[in-house]
Structures are given as structure tokens and as C-alpha cells.
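Peer 1: Let me begin by handing over the structure; questions about it come next.
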Amino acid sequence: MPSSSEELELKDRLRLIESMIAEGRRTTSSYGWTFVLWGVAYYVAILCGAIFHNPYAWPVTMMSTAILMAVILWRKSIDKPKTTRSRAIGAIWYSMGISLFVLLFSLGYSGRADQHTLIAAMAAMLGATNAASSIILRWKLQFACAVVWWALTILACFGHGQLLTVAFLAALFLCQIVFGVYLMIHEARARKLEASHA
């Protein structure tokens, strides 16, 4: 008899863990637009820097995007409950964003970094952040994004010129824009499924 109650308790715990993972994935899916936003912001900064040769293209674009995202997040988060898991994921991404901004801003203005260093640092940080999120959420596709960023980190250290630029643009497209659109579609399907069950 005691083993039966232990079995039921174990099953309840497993269901709770599964529901927490599913909730974490739903929460992450609702932030798919941020992946797309930052992917587009990187492309805008690259394009403005290349066309206008303006050293302020990156800082202005990144600051504008951060402010826009903060306003949207603030408006979306009103009356929205936070779970421990969503706070953990948010903490990982906020910490990476601040660290990345400080690093790239400092390297850019100090003049001590070249394209290889900047891309390697950025890709390594994005790889670590995507990996941490994917491990918490048990989301294999996001881990694949981490692998792409890490591969770009290696290429940035050993690759040359135009190949690195093309690889960076491809990684941005796949890991920011495509993954973000995937998350947005995932969220829309989940909402539709919830509506049909209600």
C-alpha cells in the first residue's frame, strides 16, 4: 500500500515538472518577437554602419532597440504573474544583454577590437545564453541555436573576411529571426489550442 501512494506522489511530481517545463516554453514562446526585433536591429545597425560609415550606428540602434523593447515588455507585463522559471530565464537574458552592450560599447569605442573579436565575443555570449535557456526549458531547437552561435565563435577566431560576414549574417537570420518567428508561430498555435479547449 505505501508503495502505491509513493508511486502516485512520484507521478504527481513528474506531472508538476512537465507542466512547469510546458509553462516555461509558453512563456518563452511569447517572447519570440524579441528575437525577431533584435535580429532586425542587428541588420539595421550593420546596414547603417556599412552605408553611412557612422561609428554611432551600433550604439544608437542598440539603445533605441533596448528602449523600445523595455517599453513593450513593461506594457505587456502589467498584471502578468511571474514564475521562478520565467524569472530565471529573464535574468539570464537581461544579464547577457547588459554584458553584451557593455562589452561591445567599450570595445567599439576603445578601438581595441576588430571584426573577429567582436563577432567571437557576441556569438559566444549568445551561445551561452541560448544554451542555458534551452537546458532549463529542455528545448532542443534553442540548443541548436546555441550550437550555431558557438560554431560562429570558432569561425570568428579562425575564419577570414567575407566568409565571416556571411556566416554572421546567416547566424543572425537563423538564430534570431527564424527562431523568433518559430516561437511566434508556436505561441499562436498554443493560444488556438487553448481557445478550442475552452
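The values are calculated or read from the model by the stated rules, or taken from the named source; none is laboratory data. Keep in mind it's a predicted model, so treat the numbers as computed, not measured. When we count neighbours, we look across all protein chains shown, and the Cβ atoms used for this are built from the backbone with ideal geometry, even at glycine.
Peer 1: Applying the selection to the range 78-106, what residues are farther than 29 Å from Pro55 by Cβ, surrounded by fewer than 12 Cβ atoms within 10 Å (Cβ to Cβ), modelled with pLDDT under 85 and among the small types (Gly, Ala, Ser)?
Peer 2: none
Peer 1: Now a separate question. Would you check if Ala146 is closer than 18 Å to Ser95 by Cα, surrounded by 18 or more Cβ atoms within 10 Å (Cβ to Cβ) and in contact with a Ser or Thr (Cβ under 8 Å, 6 or more places away or on another chain)?
Peer 2: On the way: closer than 18 Å to Ser95 by Cα: yes; surrounded by 18 or more Cβ atoms within 10 Å (Cβ to Cβ): yes; in contact with a Ser or Thr (Cβ under 8 Å, 6 or more places away or on another chain): yes.
The answer is yes for Ala146.
Peer 1: Of these, Ala128, Ala170, Ala123, which one is farther than 22 Å from Ser86 by Cα, small (Gly, Ala, Ser) and either under 13 Å from the mean Cα position of the chain (by Cα) or not in a helix (DSSP H, G or I) (or both)? Let's see the steps before the verdict.
Peer 2: Working: Ala128 fails: farther than 22 Å from Ser86 by Cα; Ala170 fails: either under 13 Å from the mean Cα position of the chain (by Cα) or not in a helix (DSSP H, G or I) (or both).
Going through Ala128, Ala170, Ala123 in turn, just one is farther than 22 Å from Ser86 by Cα, small (Gly, Ala, Ser) and either under 13 Å from the mean Cα position of the chain (by Cα) or not in a helix (DSSP H, G or I) (or both): Ala123.
Peer 1: Determine the pairs where a residue that is within 23 Å of Ser86 (Cα to Cα) and among the aromatic types (Phe, Trp, Tyr), located within the range 132-152, has a partner that is surrounded by 18 or more Cβ atoms within 10 Å (Cβ to Cβ) and modelled with pLDDT under 95 with Cβ atoms under 6 Å apart, the partner being 6 or more residues away or on another chain.
Peer 2: Final answer for the pair search is Phe143/Ser134.
Peer 1: Okay, moving on. Scan the range 162-171 and tell me whether some residue there is surrounded by 14 or more Cβ atoms within 10 Å (Cβ to Cβ) and in contact with a His (Cβ under 8 Å, 6 or more places away or on another chain).
Peer 2: As a first pass, look at the range 162-171 and keep what is surrounded by 14 or more Cβ atoms within 10 Å (Cβ to Cβ): 164-165, 167-168, 171.
Still in the list and also in contact with a His (Cβ under 8 Å, 6 or more places away or on another chain): 164.
Yes, that holds for at least one residue.
Peer 1: Quick check on the range 60-70. Is at least one of its residues surrounded by 11 or more Cβ atoms within 10 Å (Cβ to Cβ), at pLDDT below 85 and within 15 Å of the chain's Cα centre (by Cα)?
Peer 2: Initial filter on the range 60-70 (surrounded by 11 or more Cβ atoms within 10 Å (Cβ to Cβ)): 60-66, 68-69.
From the residues that got through so far, the ones that are at pLDDT below 85 too are none.
No, every residue in the range 60-70 fails to be surrounded by 11 or more Cβ atoms within 10 Å (Cβ to Cβ), at pLDDT below 85 and within 15 Å of the chain's Cα centre (by Cα).
Peer 1: For the structure I just gave you, tell me whether Ser64 is closer than 28 Å to Phe158 by Cα and assigned to a helix (DSSP H, G or I). Spell out how you get there, then give the answer.
Peer 2: Numbers: closer than 28 Å to Phe158 by Cα: no; assigned to a helix (DSSP H, G or I): yes.
No, not satisfied.
Quick grid of which residues meet (1) in a helix (DSSP H, G or I); (2) under 14 Å from the mean Cα position of the chain (by Cα); (3) within 22 Å of Gly180 (Cβ to Cβ):
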{"site": "Ile92", "(1), (2), (3)": "yes, yes, yes"}
{"site": "Leu104", "(1), (2), (3)": "yes, no, yes"}
{"site": "Leu107", "(1), (2), (3)": "yes, no, no"}
{"site": "Ala156", "(1), (2), (3)": "yes, no, no"}
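Peer 1: For the range 34-45, name all the residues that are within 10 Å of the chain's Cα centre (by Cα) and either among the basic types (Lys, Arg) or farther than 15 Å from Ala171 by Cβ (or both).
Peer 2: Listed by number, the list holds a single entry, Thr34.
Residues checked against (1) touching a Lys or Arg at 6+ places or on another chain (Cβ under 6 Å); (2) under 19 Å from Ile177 (Cβ atoms); (3) modelled with pLDDT of 90 or more; (4) not in a helix (DSSP H, G or I):
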| residue | (1), (2), (3), (4) |
| --- | --- |
| Arg25 | no, no, no, no |
| Tyr42 | no, yes, yes, no |
| Trp58 | no, yes, no, no |
| Ile72 | no, yes, yes, no |
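Peer 1: Among the residues of the range 176-183, is any buried (at least 19 other Cβ atoms within 10 Å of the Cβ), aromatic (Phe, Trp, Tyr) and part of a helix (DSSP H, G or I)?
Peer 2: Keep residues of the range 176-183 that are buried (at least 19 other Cβ atoms within 10 Å of the Cβ), which gives 176, 179-180, 183.
Now restrict to residues that are aromatic (Phe, Trp, Tyr): 179.
From what's left, part of a helix (DSSP H, G or I): 179.
Yes, that holds for at least one residue.
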